[in-house]
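The values are calculated or read from the model by the stated rules, or taken from the named source; none is laboratory data. From a predicted model like this one, the values you see are computed outputs, not experimental measurements. Please note: Cβ atoms are built from the backbone with ideal geometry, for glycine as well, and neighbour counts cover all protein chains shown. For the accessible areas, the whole protein counts, side chains as well, though only heavy atoms, and no ligand, DNA or RNA atoms are used. Shrake-Rupley method; radii C 1.70, N 1.55, O 1.52, S 1.80 Å.
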Amino acid sequence: MLELKDKVVIIDEKNFSRLIKLYDGIKDVDELSKIVNGHISAAIDEIEDDENV
């Protein structure tokens, strides 16, 4: 398993604490990555939809 030091995570403290509250705690960096990438994917989908209008 990769350690936190082996990955790059760019998220500020405010958003991180909000994610922890929203998801009832985040156990490790892999879980954080899944959550953040899910949100990024949804945002990109929205941007792509807006571009195709």
Query raised in the report: How do the pairs read when you match residues in the range 22-35 that are closer than 14 Å to residue 10 by Cα with residues anywhere that are of a type in the set (Asp, Glu) and open to solvent by 50 Å² or more (accessible area, probe 1.4 Å), using Cβ under 8 Å and keeping only pairs 6 or more apart or on different chains?
Result: 29/3
Query raised in the report: Given the conditions (1) more than 11 Å from the chain's Cα centre (by Cα); (2) modelled with pLDDT under 85, and given that residue 9 satisfies all but one, which numbered condition is not satisfied?
Result: (1)
Query raised in the report: On the given criteria, is residue 26 out of contact with any Phe, Trp or Tyr (no Cβ under 8 Å at 6 or more places or on another chain), modelled with pLDDT of 85 or more, surrounded by 11 or more Cβ atoms within 10 Å (Cβ to Cβ) and not in a helix (DSSP H, G or I)?
Result: yes
Requested in this report: For residue 20, state whether it is surrounded by 10 or more Cβ atoms within 10 Å (Cβ to Cβ), part of a loop (DSSP other than H, G, I, E, B) and modelled with pLDDT under 90.
Outcome: no
Query raised in the report: Does any residue of the range 29-43 turn out to be surrounded by 10 or more Cβ atoms within 10 Å (Cβ to Cβ), at pLDDT below 85 and in contact with a helix residue (DSSP H, G or I) (Cβ under 8 Å, 6 or more places away or on another chain)?
Result: yes
